[in-house]
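Student: Got a structure for you, written out below as structure tokens; questions coming shortly.
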2 protein chains.
Amino acid sequence: MSLTKPRTMRGVMELLPREQIAFQRFLDTIRTTYERFGFLPIETPVMEYRDVLLTKTGGETERQVYFAQSTGSMEQGREPELALRFDLTVPLARYVAEHEGKLIFPFRRYQMQRVYRGENAQKGRYREFYQCDIDVIGKDNLPLSFDAEIPVVIYTIFCRLNLGKFTVHINNRKLMTGFFAEQGVDAEHQGLVLREVDKLDKRGDDYVITTLTGEGFGLPRETVDKIMAFVKLEGANNAAVLEQLSALGVANEQFQEGLTELTEVVNHIRAAGVPDDYCKINLSIARGLDYYTGTVYETSLDDHPGVGSVCSGGRYDNLADHYTKSRLPGVGISIGATRLFYKLMEAGLISQAESCVEALVTRMSDALGEQYLRIATLLRDGGVNTELIHGTQKFAKQVKYADRAGIRYAVIMGEDEVAAGMVTVKDLVKGEQFQVAREELVNAIKERRT
Amino acid sequence: MSLTKPRTMRGVMELLPREQIAFQRFLDTIRTTYERFGFLPIETPVMEYRDVLLTKTGGETERQVYFAQSTGSMEQGREPELALRFDLTVPLARYVAEHEGKLIFPFRRYQMQRVYRGENAQKGRYREFYQCDIDVIGKDNLPLSFDAEIPVVIYTIFCRLNLGKFTVHINNRKLMTGFFAEQGVDAEHQGLVLREVDKLDKRGDDYVITTLTGEGFGLPRETVDKIMAFVKLEGANNAAVLEQLSALGVANEQFQEGLTELTEVVNHIRAAGVPDDYCKINLSIARGLDYYTGTVYETSLDDHPGVGSVCSGGRYDNLADHYTKSRLPGVGISIGATRLFYKLMEAGLISQAESCVEALVTRMSDALGEQYLRIATLLRDGGVNTELIHGTQKFAKQVKYADRAGIRYAVIMGEDEVAAGMVTVKDLVKGEQFQVAREELVNAIKERRT
């Protein structure tokens, strides 16, 4: 028989077991933190009807969609009527609109699933990746204090992930567009200026200045300079930045509304225990996506700027206007977990984990087969993840295997131990060995967990 | 703007949050049990190359495959080169062959992911569903005692799921085909007879007898009667069945090998603490799929026969012969979790869960906003999943919300409580209320967890 080469497409992350364990722990930290803050889980199907999924999008995004169809549909020469989700926001909108009558608002949901994009394959770009999203969706209205709770969740997650100092950057789009309006940028161009300003980080000052003064925008150089000075405004702390913003004397209503919102959000975040140094006003972050309307967030790892934004989001006015007439304002964030995990591995901040198997019951003598089985059952019933050696193997090889597999304890019994009702345990992490009575074995291992 | 109707395709299970919580707990029970027995997690991509995924299959299965392609590939009029996995066994074979050099054998993996089949939509038939698989893959050989460990895992899972009495049915295909050979069924037809016998349950005696005596098989009625008597052989317990099998005096080598294996496996299972009544030899289960070669399993819920088989699997000689020349024998099982969960909900055995949110911090006075925030932070830092009420709402409505949302504790503070450093807690499950000092709040809630 001719062999097929076993391979996966580029742009997917497939891990070896101990890397997978590390990844699952990473996801669990995110999940348990989301739950800690009162978010509820949902899951949606990978495939959605094409017309449902693609209402909002066009151009760039649409070109990256994967379409799907069954064998039968393909044989009949039909166009695919299904598509794979490319984010979790559109499915959330569909979910909320579809189940509106059965949900309690404000609806706080978390969702951690894979999404699909036909990206050009290159290092660190994924065609299949986990997104870990939270959103709070209100009906008709949603108090501003929710905008302040989200960065507290981000703060808690990144503290728990233990990746060193990080910064949640916070801004308000009303403040931005209000300032642009005050400088004479018309309503039509305010969003476009925002989008250009958002590129400062990647493209640099010259590019943005040239664009804004050039064809299409045609803003006076003086105006552009004011905009540049504005987005770079900094201060010793958030209070100082807010003071400077006040002192600008901008009369525009949008600007004032944005300033009031930003002030309230920042104060609320501090009251929840987040140090100012971890959540900073940054007037240069804007989130290019059109649907944000107020508060916006971006998060970066201070010691690893190359990783880029690790968590971003913001406030939007209406989640599901393509599906329902109800007004559903919301605020949320997304963590691209696959890319982040990959980057953290690359930076050496995360590596393969200890095994989820805690104990290996070794096998010294075939005659004692049932004894090993009973010890394994004892450990498992006691809540210790346990692997049992099957078949005949050299003893030294078994202990070596435990070590290589990242299993901490080798449980050892020969005739002598069995006769005395004792067990020998080798702790491969601490490099020590101890004896314990059978009935004390589970506790002995659990006590060492700490 | 015209609205798009929010809807999902038929054959997917989408849950409301409290049902989703119940489903996640259900999956967690399976996951933690798999880990308890020393299995390691892997995940594979949803999409695989078409030629990699479809080496083994044909006919019925191939017709149910979903194909996928990116927008770019579709626009160029190309055939889809990708397909969605329809089970977790083919991806496992590909994974093991691809990463063979980096894995430690015997390789014990668990995998809990969704799979896709273009099933005709009907109640309880899913096009997207979770499979929860474990397999142990050996290199060149795999001790028989692994065949005995698998039913112990099944036993533990179904005990923990608490779905009433269940039975793991166990059989051995060598025993079956050996018996058929002894009756004069030629090698070519043995597997086909097995497949027909496997339908006894659904089609009944008459159908099977007619088929085996009819065209295609043409077996003498006497032979068919012997086969029917054999597959219905029963006894007071497994030892009694094994004794009867011995007493049949079948000389065939395959039969004898199968009998030896079945005897060893059954003894081993009993030694691991599984009562005979929960794991029974059943000579009528055969698992229609061709790749099983020895031990086979099927599991049923005694009080809910309509649910059908809830977990099945078996031993196979060579996992990945389409991808590698290495010989990789294995044994494993699969739980179709989506269908099972749906059936259990339908039978009233599972319903929506209590919320994963444990405490709701209510809001009596806007002036105390920061106090509520601090209490929420205190609870969250202490490990209690906590939701905080935002904005102004009637107090009675807040407590009612907690009740409706399945949140157990309403945490209440007015001016008096704040002045005294106390908190009032309403336990909505027990219908009682207590006061506690702030610093004792977390412990008070944790102690009531039991």
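Student: With the structure loaded, tell me whether A:Thr362 is more than 30 Å from A:Leu92 (Cβ to Cβ), modelled with pLDDT of 95 or more and in contact with a Lys or Arg (Cβ under 8 Å, 6 or more places away or on another chain) or whether it fails that test.
Tutor: no
Student: A follow-up question, please. Looking for something surrounded by fewer than 17 Cβ atoms within 10 Å (Cβ to Cβ) and within 11 Å of chain B (Cβ to nearest Cβ) - is there at least one such residue anywhere in segment A:413-426?
Tutor: There is no residue in segment A:413-426 that is surrounded by fewer than 17 Cβ atoms within 10 Å (Cβ to Cβ) and within 11 Å of chain B (Cβ to nearest Cβ).
Student: Being more than 8 Å from chain B (Cβ to nearest Cβ) and either surrounded by 21 or more Cβ atoms within 10 Å (Cβ to Cβ) or polar (S, T, N, Q) (or both) is the filter; apply it to segment A:364-374 and report the residue that is farthest from B:Ala271 (Cα to Cα).
Tutor: Taking the candidates together, the pick is A:Ser365.
Student: Let me ask something else about it. Which one of the conditions (1) surrounded by fewer than 23 Cβ atoms within 10 Å (Cβ to Cβ); (2) within 7 Å of chain A (Cβ to nearest Cβ); (3) under 21 Å from B:Thr8 (Cα atoms) does B:Gln131 fail to meet, given that it meets all the rest?
Tutor: So the condition that B:Gln131 fails would be (2).
Student: Within the set of pairs 6+ apart or on separate chains, which have a first residue in segment B:126-153 that is within 15 Å of B:Asn172 (Cα to Cα), a second that is of a type in the set (D, E, K, R), and C-beta atoms under 8 Å apart?
Tutor: As it stands, the answer is B:Leu144/B:Glu261; B:Leu144/B:Glu264; B:Ser145/B:Glu264; B:Asp147/B:Glu261; B:Asp147/B:Arg315; B:Ala148/B:Glu264, since those pairs meet every condition given.
Student: If a residue has to be part of a helix (DSSP H, G or I) and out of contact with any Phe, Trp or Tyr (no Cβ under 6 Å at 6 or more places or on another chain) to count, how many in segment B:32-55 make the cut?
Tutor: Residues flagged as part of a helix (DSSP H, G or I) and out of contact with any Phe, Trp or Tyr (no Cβ under 6 Å at 6 or more places or on another chain) within segment B:32-55 amount to 8.
Student: Considering (1) touching a His at 6+ places or on another chain (Cβ under 9 Å); (2) on the phi > 0 side of the Ramachandran plot, say which one A:Gly308 fails and leave the rest.
Tutor: Tallying (1) touching a His at 6+ places or on another chain (Cβ under 9 Å); (2) on the phi > 0 side of the Ramachandran plot, A:Gly308 fails exactly one: (1).
Student: What are the pairs with Cβ atoms under 8 angstrom where one residue, in segment A:258-275, is under 13 Å from A:Met176 (Cα atoms) and the other, located anywhere, is of a type in the set (S, T, N, Q) and surrounded by fewer than 21 Cβ atoms within 10 Å (Cβ to Cβ)? Sequence gap at least six, or different chains.
Tutor: If the second residue must be of a type in the set (S, T, N, Q) and surrounded by fewer than 21 Cβ atoms within 10 Å (Cβ to Cβ), the pairs left are A:Leu259/A:Ser246.
Student: What is the residue count in segment A:138-184 for residues that are more than 14 Å from chain B (Cβ to nearest Cβ), under 13 Å from A:Gly313 (Cβ atoms) and either assigned to a helix (DSSP H, G or I) or not aliphatic (A, V, I, L, M) (or both)?
Tutor: 3
Student: Same structure again: Residues in segment A:170-182: is at least one closer than 20 Å to A:Cys311 by Cα, crowded, with 19+ Cβ neighbours inside 10 Å, touching a Cys at 6+ places or on another chain (Cβ under 8 Å) and outside the structural domain of A:Gly308 (by TED's automatic domain parsing)?
Tutor: yes
Student: Within segment A:223-236, track down each residue that is surrounded by 14 or more Cβ atoms within 10 Å (Cβ to Cβ) and of a type outside the set (D, E, K, R).
Tutor: Listed by number, the residues that qualify are A:Thr223, A:Val224, A:Ile227, A:Met228, A:Phe230, A:Val231, A:Leu233, A:Gly235.
Student: Please enumerate the residues belonging to segment A:415-428 that are more than 10 Å from A:Thr362 (Cβ to Cβ) and either outside any loop (DSSP other than H, G, I, E, B) or in contact (Cβ under 8 Å) with a residue 24 or more places away in the chain (or both).
Tutor: A:Glu415, A:Asp416, A:Glu417, A:Val418, A:Ala419, A:Ala420, A:Met422, A:Val423, A:Val425, A:Asp427, A:Leu428
Student: Within segment B:97-128, how many residues turn out to be in a loop (DSSP other than H, G, I, E, B), surrounded by 18 or more Cβ atoms within 10 Å (Cβ to Cβ) and more than 7 Å from chain A (Cβ to nearest Cβ)?
Tutor: 5
Student: Same structure again: Do we have any residue at all in segment A:236-253 that's of a type in the set (Asp, Glu) and either farther than 26 Å from A:His189 by Cα or within 33 Å of the chain's Cα centre (by Cα) (or both)?
Tutor: The answer is yes, given that some residue of segment A:236-253 is of a type in the set (Asp, Glu) and either farther than 26 Å from A:His189 by Cα or within 33 Å of the chain's Cα centre (by Cα) (or both).
Student: What number goes with the only condition from (1) at negative phi; (2) assigned by TED's automatic domain parsing to the domain that holds B:Phe39 that B:Ser351 does not pass?
Tutor: With (1) at negative phi; (2) assigned by TED's automatic domain parsing to the domain that holds B:Phe39 applied to B:Ser351, the lone miss is (2).
Student: Still on this structure, I have one more. Name the residues in segment B:118-142 that are over 25 Å from A:Pro45 (Cβ atoms) and at pLDDT below 95, would you?
Tutor: Matches in segment B:118-142: none.
Student: Restricting attention to segment A:136-172, report how many residues are more than 30 Å from A:Phe341 (Cβ to Cβ) and charged (D, E, K, R).
Tutor: Of the residues in segment A:136-172, 2 are more than 30 Å from A:Phe341 (Cβ to Cβ) and charged (D, E, K, R).
Student: Just the residues that are within 7 Å of chain A (Cβ to nearest Cβ) and either buried (at least 17 other Cβ atoms within 10 Å of the Cβ) or part of a helix (DSSP H, G or I) (or both), please, taken from segment B:16-31.
Tutor: Scanning segment B:16-31 gives B:Pro17, B:Gln20, B:Ile21, B:Gln24.
Student: Considering only segment B:39-51, I want to know if a residue exists there that is modelled with pLDDT under 95, in contact with an Asp or Glu (Cβ under 6 Å, 6 or more places away or on another chain) and more than 9 Å from chain A (Cβ to nearest Cβ).
Tutor: yes
Student: As an exercise: evaluate B:Arg7 against (1) in the same structural domain as B:Pro91 (by TED's automatic domain parsing); (2) at pLDDT 95 or above and give the number of the one condition it does not meet.
Tutor: Answer for B:Arg7: the failing condition is (1).
Student: Picking from A:Gly306, A:Gly348, which residue would you name as being more than 12 Å from chain B (Cβ to nearest Cβ), in a helix (DSSP H, G or I) and either surrounded by fewer than 18 Cβ atoms within 10 Å (Cβ to Cβ) or of a type in the set (Ser, Thr, Tyr) (or both)?
Tutor: A:Gly306
Student: Next question. Going by what's in this entry, would B:Leu379 be described as part of a helix (DSSP H, G or I), within 8 Å of another protein chain (Cβ to nearest Cβ), in contact (Cβ under 8 Å) with a residue 12 or more places away in the chain and out of contact with any His (no Cβ under 6 Å at 6 or more places or on another chain)?
Tutor: No; evaluated as a whole, the condition is false for this residue.
The values are calculated or read from the model by the stated rules, or taken from the named source; none is laboratory data. Predicted model only: the values in this text are computed from it and were never measured. Backbone-built Cβ (ideal geometry, glycine too); neighbour counts: all protein chains shown.
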